[in-house]
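Peer 1: Quick one: this structure, given as structure tokens, is what I'll be asking you about.
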Amino acid sequence: MSTASAFRPRRALLCLLAALRLWAQEETWEQLRDRAVRASQEGRFREAEALLQAQLERAQSWEQRDHTARDLAEFYQLQGRPGEAERFWRWAVELREAAGGPDSPEVAGPLLELGRNLLVQARVPDAAGAVERALGLLEKAHGAEALEALPALALLRRSTRPGTTGRPRRCCCCARSGSAKPARVPRPSSWPPN
């Protein structure tokens, strides 16, 4: 294979992305968002990413920027790119803080997602700070029944129990040991439960 033919697929992809950007300039933010969602659902991830980036450039209002930040964060999270997702979760938090103030309960949603993202990256102290702040905002706004944050808090506490490494625990299906079989997960010393 010649060097020139090795670059053809890359050149074709770049041309396709350039054409998408030109076409996207004529579309509204809502149309771009709908197309990005469809492309992602259909497994056309490069196209979805290009459309999301065009959506970001097209966002004009606070609501559009907020939705776009969360759309990009979710997209990168699902693509297994938590570092890129973190950037957009932080931006979503900043947008909500700018709109309603740092103590607004509207900040709690993106904070919880940021906490989950940081936990995936095994950054437990940072995740704890984000989740605890979100829980505090929800408790302040809604009282002690702020159940929205409890699943994230439970996940955080489960991963930081004494005797653990501070990394989130994986289920037996995810903790592969290199073979086709799931890895053996040791049972707690108090097994079976009473």
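The values are calculated or read from the model by the stated rules, or taken from the named source; none is laboratory data. The structure displayed is predicted, hence computed values, not measured ones. With ligands, DNA and RNA removed, areas are computed over all heavy atoms of the protein, side chains included. Shrake-Rupley method; radii C 1.70, N 1.55, O 1.52, S 1.80 Å.
Yes/no per residue for (1) in a helix (DSSP H, G or I); (2) within 14 Å of the chain's Cα centre (by Cα); (3) on the phi < 0 side of the Ramachandran plot; (4) at pLDDT below 95:
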| residue | (1), (2), (3), (4) |
| --- | --- |
| Arg90 | yes, yes, yes, no |
| Leu150 | yes, no, yes, yes |
| Leu156 | yes, no, yes, yes |
| Pro192 | no, no, yes, yes |
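Peer 1: For the range 91-112, which residues satisfy the criterion of being under 21 Å from Ala48 (Cα atoms) and of a type outside the set (Phe, Trp, Tyr)? Spell out the reasoning first.
Peer 2: Let us first name the residues in the range 91-112 that are under 21 Å from Ala48 (Cα atoms), namely 91-92.
Scanning the range 91-112 gives a single hit, Ala92.
Peer 1: Would you mention how many residues in the range 96-145 are over 19 Å from the mean Cα position of the chain (by Cα) and not in a helix (DSSP H, G or I)?
Peer 2: 7
Peer 1: Among the residues of the range 58-82, what is the count of those that are modelled with pLDDT of 90 or more and open to solvent by 50 Å² or more (accessible area, probe 1.4 Å)?
Peer 2: The qualifying residues number 10.
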